[in-house]
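Take a look at the structure set out below.
The values are calculated or read from the model by the stated rules, or taken from the named source; none is laboratory data. Just so it is clear, the model here is predicted, and its values are computed rather than measured. Glycine gets a Cβ as well: all are built from the backbone with ideal geometry, and neighbour counts include every protein chain shown. Heavy atoms of the whole protein, side chains included, go into the accessibility calculation; ligands, DNA and RNA do not. Shrake-Rupley method; radii C 1.70, N 1.55, O 1.52, S 1.80 Å.
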Amino acid sequence: KRLGSRTEFRSYLSNRRCTSSNSEPMASQQLRGFAWLLVLQVASADYWDGQCTACPASLYQSKHCTKGGTLLGERGCGALNVFCEGHCSDPDESPEAQPDDLYWDGQCKPCPADLYQSQHCAAGGVLVGSRPCGTANAYCEGQCTKPQDNGAPAPTFYWDDQCTACPANLYADKHCLQGGELVGEQACGPTGALCEGKCRAPQSSPAPAPTLYWDGQCTPCPASLYDHCSKGGKLVSERGCGFMNIYCEGRCELPAEAPEPADWIIVGAGASGCTAAAALADAGEDVLVLERGPSDLDVPETQQADTWPGVVNSDANQEIRWTDGTWGSVAKVLGGGTEINGGLYIEEEPDFLKNMFGDDLDLDAFYGSSKWVAEKLTTPLQPSTYGSEYAAALADMGVGAADPKPELRMSSNSSWVAYSTINTTASGWPRRGAAVLLHERSGMKNLRFFTSFQVMRVNFDGTKSTGVSVKTAEGRTVNIQARKGVILAAGAIFTPQLLQVSGIGDQSLLGELGVKTVVENPAVGQNFVDRNVLSFGVWASQVMPLFIGYAMAANTSMGLTLESEGWGKVASGFALASLALVEPNQRTEALRGFLTPLLTGPLADIMNSMIQLVALHHQTYSRGTVTAKSTDASQAPEVTANYFKDERDLENQFKAMEALFKIVESESLQKLVNPSEFHGTSKIVPVYLSCLGNQASKDSAKAVVLPCLPPDGSDKETYYEYFKKTVVSSYHYFGTAAHGSVVEGPDFKVKGIDNLHVVDASIFPNPTRVNPQGTIMAMGHYIASRLADQQRRLHSEVHI
C-alpha cells in the first residue's frame, strides 16, 4: 500500500525518467549531507521546557512551552518518571503566540473550555488554553491570544434585557434580539433564578436594528396567550408586573427599517468584494457591502494560522456536496475565502492574463492594484527546517533553485518563495485577510458593510439594475436601491445562481424556476471549473510545527505548480473536509461523524505527523455546471464538476503523480519521509486506512501515503480508477460567468444589462495556474477603480 522501490516504479511508470543517485559526484553528495547537518543545527532550536506536569503533556498545553513554540512531544520527569516534561519547537518556526501576546479572559466556565468557546475571549483573539478556576477548581478560565491590530473598533457589548430560564445559551434564540452573539449571562428575575444575556454586537457596520419596547399591557401569564403589542410588532418576551409580579407585561419587536440606498451595492464581502469596496470608498463613492455570513471577528478560527485548515469545518464555511459526490467548500464570512484558506498570494504572469482577457484588461493598472493589495496585506513566508528541505527537493528534480527568493509574481519555469496573507514574522502568525480592508475603513461615512444579509435577487427596471432584494439578519425581506450600480462578488458558485434567480440565464431553466426572463443567456452557470489537483499526505518521521508553505515551483512542460504544507492538523483537517479516504459515492455526512473521533483520536499522532505534497494543474479540460434549484438564493445550487470527463485530465493527473513521486524520492526528503521508523497503529482501522496499520508491508517502500495507493506494479488504468475514487475539490472555482460569454468589456458588465458588474472568480474563463487568491483580490480592486474613474469623468463632463 506504499510506494515501491525505484525498480517497481519503472514497471508501471513506463514513460518516467529516473536518474540514479550514483550519477551525482561524491563531493556533491558529501556537501549536501554537510548542508543537512547545518540546517538541523541552525534551524532546530527546539528545547525541553522544564515543566513537569501530569501526563500526557498535550492535555496541559497551557503549562508547557512557556518560552513559546509548539509542543512536539514529552518525556518522563518527576518521581519514578510518572509525570511529563514538554518538548517544544523553536518559537521562531511556530504559529503559537508568544507568552507576552496571551491573556487570561476572566471567564470561569464549565470545562473543557473549548466546548464553550463562544463564552471565552470576548475581548477578541483565539482560545488557546485554560486553567482551573471557581469552586474546587472545577471550572475553567480561558487563555486567549491578544487580538491583532486590524483597524476594527473594540467590540461592544450589551445586556439584552431578556430574562429567560438558565443557562442562557440553551435559549439563545430568545437572546441578543438586536444582533450579535451571546457571550455571557447574569441573574435576573424576582428571585435571581433566571438569566439575562450578555451580547457582543456584530463586528461590522451597525445595520438598522429592530425596535424593542415594553407594551404596558399587564395580563395573566404567559403573555403569549393574551393580546399584546398594541403599537405593532411581535411579542418576543415578557416580565413580571402587577401585584407581587404575578402578571406579565409583554416585550415587543418592531421590524428594522430598510437600509438606506447607496451609490454601489456589492454582493459578497470576499476576496474581490472587499478590495472592490476599498477602491470605491477611497475614491469617495458611497458603498454598501452585503455579506451573508458573520464577521470574521465573530469567528475566532479565522484570525490566525494555527486554526487552519480546521477553520474549513467552522461557521465561516459552507460545505456543499457536488452531484459527483465530492464536497466543495464555499466561504460564508466577512473576507470570504481569504479568511479560511492557506494564505498564499501569488500574481499570475501578464501573458497568461492577456490570453484570457485580451485588450479589455489594462495590465499596468491591474498590476498596480495587485501591488496595492499585496502591500496592505501580505508578507513573504519565512524559512524553516522543512521549508528549506522542500526547496532543495524541488531543486533535486530540476524545477527550481535550492535557495529561492521571495517573489510576488509566479515564475512559470522556476521556483520562488511565496507571499502570504498569514504573517509568519509576527507572534501567533496572524491572518490579514481581505476583511481587514473593511475594518480599517469602518470609520468612513461613505462605507457600510452588513453581515448576515442574504441577497435574494437583483432588481431591474427593464434591463437596468436598480438594486437588490435582501433577507435581513432578523429574516425580513427588503429592497435596497443602488444609485449607480450593483457589483456581484459572490464567487463562482453563488454569482451564477444569483443571476439565474434574478432572470438572467438559460430560458428553459428560468421557466422551470418560474422566474421572469430579463436577459436570456445560456452561458450563465456553464463552464464551471473545479481545478484538478493531486494531493498526497506523506508520513514524516519527525514532528514539526505547522508548516503553511515556503518554496513553490511551476513548470509549463509538466503543466503543474508544486507546493507543500504539513503537520499541525493539516492532514486530518483536509481528510474531514473532503472525506476523500473513500470513493465519492460513500462520502456522506455520517462518514464525517465516524471519521472525526478516529482521525483525532487513535490515529492523531500519525495524521499530525504528515506533510501534504500538492500538484495544481495549469489546465483543467473537464467542465461542469452550476444550476439554481429554486428561487431561494439561500439554498445552495446544484453543482456538477464532471471530473475527468475529458480523459486528458486523467493523463495529466498521472503526470502529476510522477512529479510527486519524484519529490518523495528526492534525497532531500527521503531523510524525512522514509518509513523505516514507521510502526503504524495496532488499532483496527477501516480498509481505506489499511496502509497505516502496523502489519502493512514496508519493504523497499519510499513513503507512507494517504490516500492508500494501489499495489506496486499496478498499470495505468488501475491508477486512473484510483484518481477517480480519490478525487477531491481543489477549492479553486472559476468560469461560471466568464468574460466573453456572460460579462463583457473592460468594465466586466453583464451582457445586455446596464449597471450590473461581476468582479469575482466566475469571470475567469480558465483557472489561474497558481493559487487564485491574489489574482481575484487584485481583479476586484482593479475593476472597482475603473468604475470609480468613470464616475469621476462623468462628473467632470457634467460640470464642464
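Points worth noting:
- Entry remark, the range 535-562: residues being part of a strand (DSSP E or B), among the aliphatic types (A, V, I, L, M) and open to solvent by 10 Å² or more (accessible area, probe 1.4 Å) number 0 in total.
- Residue check for Gly740: at pLDDT 95 or above, of a type outside the set (Ser, Thr, Tyr) and surrounded by fewer than 24 Cβ atoms within 10 Å (Cβ to Cβ): yes
- Members of the range 588-618 found to be in contact with a Lys or Arg (Cβ under 8 Å, 6 or more places away or on another chain) and within 30 Å of Phe352 (Cβ to Cβ), listed by number: Leu616, His617, His618
- Counted residues, the range 375-388 - those being open to solvent by 10 Å² or more (accessible area, probe 1.4 Å) and either touching a Phe, Trp or Tyr at 6+ places or on another chain (Cβ under 8 Å) or among the β-branched types (Val, Ile, Thr) (or both): 7
- Glu520 meets each of the listed conditions (1) surrounded by fewer than 24 Cβ atoms within 10 Å (Cβ to Cβ); (2) within 30 Å of Leu297 (Cβ to Cβ); (3) touching a helix residue (DSSP H, G or I) at 6+ places or on another chain (Cβ under 6 Å) apart from (2).
- Those residues of the range 139-185 which are of a type in the set (Asp, Glu), within 19 Å of Lys109 (Cα to Cα) and in contact (Cβ under 8 Å) with a residue 40 or more places away in the chain, in sequence order: Glu181
- Scanning the range 81-90 for residues being open to solvent by 30 Å² or more (accessible area, probe 1.4 Å) and at pLDDT below 90 gives a total of 0.
- Taking the range 376-479 and the strands (runs of 3 or more DSSP E) fully enclosed by it, the elements with 2 or more residues that are farther than 28 Å from Pro496 by Cβ and either β-branched (Val, Ile, Thr) or modelled with pLDDT of 95 or more (or both) are at 415-417.
- Flag for Thr219 being under 30 Å from Asp286 (Cβ atoms), touching an Asp or Glu at 6+ places or on another chain (Cβ under 9 Å) and not acidic (Asp, Glu): no
- Scanning the range 79-91 finds one or more residues that are part of a loop (DSSP other than H, G, I, E, B) and within 21 Å of Thr424 (Cα to Cα).
- Of all the numbered requirements in (1) within 29 Å of the chain's Cα centre (by Cα); (2) among the small types (Gly, Ala, Ser); (3) on the phi < 0 side of the Ramachandran plot, Gly491 misses one, and that requirement is (3).
- Test: residue in the range 118-138 that is charged (D, E, K, R), in contact (Cβ under 8 Å) with a residue 12 or more places away in the chain, surrounded by fewer than 21 Cβ atoms within 10 Å (Cβ to Cβ) and within 18 Å of Glu238 (Cβ to Cβ): no
- Taken together, the residues in the range 483-497 that are open to solvent by 10 Å² or more (accessible area, probe 1.4 Å) and either closer than 16 Å to Glu260 by Cβ or part of a helix (DSSP H, G or I) (or both) amount to 4.
- Residues of the range 671-696 satisfying the condition of being in a loop (DSSP other than H, G, I, E, B) and of a type in the set (Ser, Thr, Tyr): Ser682
- Reported count of residues in the range 141-164, each being of a type outside the set (S, T, N, Q), touching a strand residue (DSSP E or B) at 6+ places or on another chain (Cβ under 9 Å) and open to solvent by less than 40 Å² (accessible area, probe 1.4 Å), is 5.
- Taking the numbered list (1) of a type outside the set (D, E, K, R); (2) outside any strand (DSSP E or B); (3) in contact with a helix residue (DSSP H, G or I) (Cβ under 6 Å, 6 or more places away or on another chain); (4) within 30 Å of Lys332 (Cβ to Cβ) in turn, Pro190 passes all entries but (4).
- Qualifying residue in the range 241-257 (condition: open to solvent by less than 60 Å² (accessible area, probe 1.4 Å), of a type in the set (Asp, Glu), closer than 30 Å to Ser442 by Cβ and in a strand (DSSP E or B)): yes
- For the range 635-675, a residue qualifies if it is on the phi > 0 side of the Ramachandran plot and not aromatic (Phe, Trp, Tyr), and exactly one does: Asn642.
- Some residue of the range 676-691 being modelled with pLDDT under 95, among the hydrophobic types (A, V, I, L, M, F, W, C), open to solvent by less than 10 Å² (accessible area, probe 1.4 Å) and closer than 29 Å to Tyr643 by Cα: yes
- Top-ranked residue of the range 50-69 - restricted to ones that are part of a loop (DSSP other than H, G, I, E, B) and more than 21 Å from Trp104 (Cβ to Cβ), ranked as nearest to the chain's Cα centre (by Cα): Pro56
- Condition met for Glu565 (of a type in the set (D, E, K, R), in contact (Cβ under 8 Å) with a residue 60 or more places away in the chain and either outside any loop (DSSP other than H, G, I, E, B) or farther than 21 Å from Trp416 by Cα (or both)): yes
- Taken as a whole, the range 315-326 holds at least one residue that is modelled with pLDDT under 95 and either open to solvent by 20 Å² or more (accessible area, probe 1.4 Å) or more than 22 Å from Ser572 (Cβ to Cβ) (or both).
- Hits in the range 697-720 (condition: assigned to a loop (DSSP other than H, G, I, E, B), open to solvent by less than 40 Å² (accessible area, probe 1.4 Å) and at pLDDT 85 or above): Ala703, Val704, Pro707, Cys708, Leu709, Pro710, Ser714
- Residues of the range 498-533 that turn out to be touching a Lys or Arg at 6+ places or on another chain (Cβ under 9 Å), part of a helix (DSSP H, G or I) and closer than 16 Å to Ile763 by Cβ, as a count: 1
- Ser572 vs. criteria farther than 27 Å from Gln318 by Cβ and either without any contact (Cβ under 8 Å) to a residue 24 or more places away in the chain or buried (at least 22 other Cβ atoms within 10 Å of the Cβ) (or both): no
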